[in-house]
Amino acid sequence: MDSRGTPVRKLTARSAILSALLGAHPAEAPVSWIVRVAVGLGLQESAVRAALTRMVAGGDLERRDSAYRLAPRLIERQHRQDEAMHPPTGAWDGTWRLAIVTVGADDSTDRAAFREVLRAKKFGELREGVWTRPDNLGTEFPAAAARRLTVFTGHPGEPDGELAERLFRPDAWAGNARLLLSAMARAEFIGDRFEVAAATVRHILNDPMLPTELLPPHWPGRELRASYLDFRAEFAEFAEALMGSTVPRQR
């Protein structure tokens with residue numbers, strides 16, 4: 001969090017490049033666009049060019065001629081980011097989905113990666129090897145993960161709201177969402193709003209996507225998504241003013 005108590009990280013060359021490309025479709029841009037936009041956000045050109053070199057070496061980016069694109073693992077993050085902008089709105093029948101790990105991990109790295117898959121599917125860990133969530137998403141696991149799980153549906157022995165709060169802490173998520181909305185409203189310069197927008201999309205990715213029945217009153221999820229999408233439109237106009245017709249499409 002920054003000094004104002006909001007979950008915002010200071011803008012760096014790497015974070016600016018990643019955030020800009022994660023919002024671009026396709027997720028690639030000429031080096032001239034990346035440099036000029038990052039400089040327009042208040043970064044030094046030398047820092048941006050050095051970051052591009054490090055990001056290629058570190059596997060974040062791929063270079064093709066005079067353009068850079070996100071590496072495949074970050075394309076997957078972009079897909080999750082896009083999906084997170086459109087949470088489910090269907091009815092919930094009160095059942096929960098229980099995913100039990102029946103095939104263990106090979107090592108700590110494998111275990112961490114498998115846990116991340118479950119978290120990305122919005123499951124909460126009830127105890128080691130036992131994950132659950134309300135069955136309102138129609139969750140399908142990747143084949144490699146599905147082979148390691150046994151999945152049931154049922155009803156918990158404790159009140160739904162209490163279990164949801166214990167596993168997903170929706171009140172805390174809502175509190176941080178309101179801080180981000182306030183920070184965006186206060187931000188005077190586009191570089192400041194870019195920082196808040198980057199924090200906003202990270203927070204949206206952590207939305208547990210609970211059914212309406214389990215959300216606290218005055219849930220700010222829709223408002224936060226609208227704030228982020230409004231900024232994407234502003235950022236596209238900002239980039240177009242700098243670069244003209246070479247701007248990657250933002251959405």
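Miscellaneous remarks
- Across region 1-151, the relative contact order, built from alpha-carbon pairs under 8 Å that are at least six residues apart, equals 19 percent.
- Cα point-scatterer Debye curve for region 103-229, base-10 log of I(q)/I(0) at q = 0.18, 0.22 Å⁻¹: -1.02, -1.25
- Area projected by the alpha carbon convex hull of the chain, averaged over all directions, nm²: 15.0 nm²
- With the whole protein complex present, residue 110 retains an accessible surface near 40 Å², based on a 1.4 Å probe.
- A 1.4 Å probe over all protein chains sorts 79, 155 by accessible area into 155, 79, starting with the largest.
- Net dipole in debye of region 12-111 [+1 Lys, Arg Cβ; -1 Asp, Glu Cβ; about Cα centre; nearest 20]: 360 debye
- Using alpha-carbon coordinates, inclination of helix 190-205 to the longest axis of the chain, degrees: 20 degrees
- Sequentially through region 10-26, phi angles give Karplus couplings (6.51, -1.76, 1.60; θ = phi - 60°) of 4, 5, 10, 4, 4, 5, 5, 5, 4, 4, 5, 6, 5, x, 9, 9, x Hz, Gly and Pro residues having no value and appearing as x.
- For the chain, the longest principal axis of the Cα atoms and the long axis of helix 170-186 meet at an angle of about 20 degrees.
- For the chain, calculated [θ]222 nm from helices alone, where every DSSP H run of n ≥ 4 adds -39500 (n - 2.57): -16000 deg cm²/dmol
- Per residue, in Å², the accessible surface of the chain once ligands and nucleic acids are set aside, probe 1.4 Å: 53 Å²
- Size of electric dipole in region 32-170: Cβ of Lys, Arg +1 and of Asp, Glu -1, about Cα centre, debye, nearest 20: 500 debye
- Projecting the Cα atoms of 86, 31, 19 onto the dipole axis of region 11-145, where Lys and Arg carry +1 and Asp and Glu carry -1 at the beta carbon, places 31 farthest toward the positive end.
- Selection from 189, 156, 176 lying farthest towards where the dipole of region 154-206 points positive, charges on Cβ: 189
The values are calculated or read from the model by the stated rules, or taken from the named source; none is laboratory data. What you see is a predicted model; the values in this text were computed from it and never measured. Backbone-built Cβ (ideal geometry, glycine too); neighbour counts: all protein chains shown. Heads up: the accessible areas ignore ligands, DNA and RNA and are worked out on the full protein's heavy atoms, side chains in. Shrake-Rupley method; radii C 1.70, N 1.55, O 1.52, S 1.80 Å.
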